[in-house]
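First up is the structure itself, then whatever we jot down about it.
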Amino acid sequence: MKRFAPYLTTIFFVAVAIVFYQTLSQMDWQKVRLSLAQFSWPIVFPVICLVILDYLILSGYDYLGIRFFCIPGLSYFKILPSAFCSYAFNFNLGAWIGGLGFRFRIYSGWGVESASIPKIVIFSTLTNWLGHAFLSGIVFCLKPHAIEKLLGLSSGAAFAIGVAQLTLVFIYFTLCFFQKKITLRKVTYPLPKASWAFLQLALSSAQWSLVGGIIYLLLQHLGHNVEFGQILFTSLIASVAGVITHIPGGLGVLETVFLKVELGLPASDMLAALICYRVVYYFIPLLLAIPCYLGIEYYQKKHHKRFHAFNPPLY
């Protein structure tokens, strides 16, 4: 299966690109501009507040991981800007550069040992997808008929997928309850206690709900009373499609999924809301992350000896 994975990813990427191009070529851009004009600062401000809360929760993923692995020398006030930069670059440049590359650069500058940084990444990633599986599992189980309408799956298939996702969450909690360990690439990682797993689930569920809530709020401002569960489910599906295509930020993938799913909304309003979402959730945080990262670099170099006291050279 590994031999065919790159080809399947390429085929999926090309298919998304073709559908996205066809969708945009048929778009009435004058209507899109009129819809975008409705987003004034008083309207966008509550959305920006939700984005700030979302990034605070994302930084909580790293904070939990650092506390769980007892990594010394990092207060929350160091973790917050570090995690913010990592996620902002991750969403815009991809997981390898932002999620892993920037974490190695920033956290090693705080004196964290190189062997500990992948642990933070794995813990954060696990936390992220735990909430995703939980929420999408609930939607599939409680709204199988809606899933049938949105994706064309039968109600039985939708319900079965939901049960499978919730089963994975249950298995994770069971492993945490019995304090099991997982091994990845010959490295063994302990799983947290069940109480920590509940905290992971709560944070991740809140973060994914905020993503759907931001898009939902933008559509509300355009006068559309679409069901929140549909928006949440579509955003969850779009995130999976973005991971499959390996496109940073799911650029084009998010828009394609939302425009092709039958939500009963004008395409121009849907695209306008997604453009606004992309600006406030991806572009503005990236603009803020650049000077933030440069500030961290300057601060770390100024206090180089003190920070690297936690990580002495191996000679």
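The values are calculated or read from the model by the stated rules, or taken from the named source; none is laboratory data. Keep in mind the model is a prediction, meaning the values are calculated, not measured. Note: ideal-geometry Cβ built from the backbone for every residue, glycine included; neighbour counts use all protein chains shown.
Select from the stretch 33-62 the residues that are among the polar types (S, T, N, Q) and under 16 Å from Cys276 (Cα atoms) and list them in ascending order. Walk me through how you get there before you give the answer.
If we filter the stretch 33-62 for residues that are among the polar types (S, T, N, Q), which is where we start, we get 35, 38, 40, 59.
Result: Ser35, Gln38, Ser40.
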Matching option when the condition is assigned to a helix (DSSP H, G or I), surrounded by 17 or more Cβ atoms within 10 Å (Cβ to Cβ) and either more than 18 Å from the chain's Cα centre (by Cα) or among the β-branched types (Val, Ile, Thr) (or both), among Cys141, Cys85: Cys141
Number of the condition not met by Leu254 [criteria: (1) crowded, with 22+ Cβ neighbours inside 10 Å; (2) in contact with a Lys or Arg (Cβ under 9 Å, 6 or more places away or on another chain); (3) more than 22 Å from Glu148 (Cα to Cα)]: (3)
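Looking for whichever is at pLDDT below 90, part of a helix (DSSP H, G or I) and surrounded by 14 or more Cβ atoms within 10 Å (Cβ to Cβ) here; the options are Ala197, Ala158. Which one fits? Spell out how you get there, then give the answer.
On the way: Ala197 fails: at pLDDT below 90.
Exactly one residue qualifies, and that residue is Ala158.
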Close pairs from the stretch 273-290: first more than 17 Å from Ser86 (Cβ to Cβ), partner not in a helix (DSSP H, G or I) and not hydrophobic (A, V, I, L, M, F, W, C), Cβ under 9 Å, at least 6 apart: Ala273/His224
Every pair of residues 6+ apart whose Cβ atoms lie under 9 Å, when the first sits in the stretch 101-113 and is in a loop (DSSP other than H, G, I, E, B) while the second is of a type in the set (Gly, Ala, Ser) and surrounded by fewer than 22 Cβ atoms within 10 Å (Cβ to Cβ): Trp110/Gly73; Gly111/Gly73; Gly111/Ala309; Val112/Gly73
Meets criteria (hydrophobic (A, V, I, L, M, F, W, C) and within 26 Å of Arg278 (Cα to Cα)) for Val211: yes
Residues (farther than 29 Å from Gly229 by Cβ and aromatic (Phe, Trp, Tyr)) located in the stretch 149-195: Phe177, Phe178, Tyr189
Selected residue (only one of Gly65, Gly73 is surrounded by 20 or more Cβ atoms within 10 Å (Cβ to Cβ) and either out of contact with any Pro (no Cβ under 6 Å at 6 or more places or on another chain) or in a helix (DSSP H, G or I) (or both)): Gly65
Hits in the stretch 237-253 - residues which are at pLDDT 85 or above and either among the hydrophobic types (A, V, I, L, M, F, W, C) or in a loop (DSSP other than H, G, I, E, B) (or both): Ile237, Ala238
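Among what's in the stretch 224-236 and is part of a helix (DSSP H, G or I) and surrounded by fewer than 19 Cβ atoms within 10 Å (Cβ to Cβ), pick the residue that is modelled with the highest pLDDT. Working first, answer last.
Narrowing the stretch 224-236 to residues part of a helix (DSSP H, G or I): 228-236.
Restricting the remaining residues to those that are surrounded by fewer than 19 Cβ atoms within 10 Å (Cβ to Cβ) gives 228-229.
Working: Phe228: 89, Gly229: 85.
The extreme case among them is Phe228.
In the stretch 48-64, which residue that is of a type in the set (A, V, I, L, M) and touching a residue at least 24 places away in the same chain (Cβ under 8 Å) is farthest from Pro118 (Cα to Cα)? Full working, then the answer.
First, pick out the residues of the stretch 48-64 that are of a type in the set (A, V, I, L, M): 48, 50-53, 56-58, 64.
Next, from what is left, pick out any that are touching a residue at least 24 places away in the same chain (Cβ under 8 Å): 48, 50-51, 53, 56-58, 64.
Working: Ile48: 31, Leu50: 29, Val51: 26, Leu53: 25, Leu56: 21, Ile57: 20, Leu58: 17, Leu64: 14 Å.
Among those residues, the one meeting the criterion is Ile48.
What number of residues within the stretch 203-223 are within 15 Å of Val47 (Cβ to Cβ) and assigned to a loop (DSSP other than H, G, I, E, B)? First the steps, then the outcome.
If we filter the stretch 203-223 for residues that are within 15 Å of Val47 (Cβ to Cβ), which is where we start, we get 209-222.
Restricting the remaining residues to those that are assigned to a loop (DSSP other than H, G, I, E, B) gives 222.
Matching residues across the stretch 203-223 total 1.
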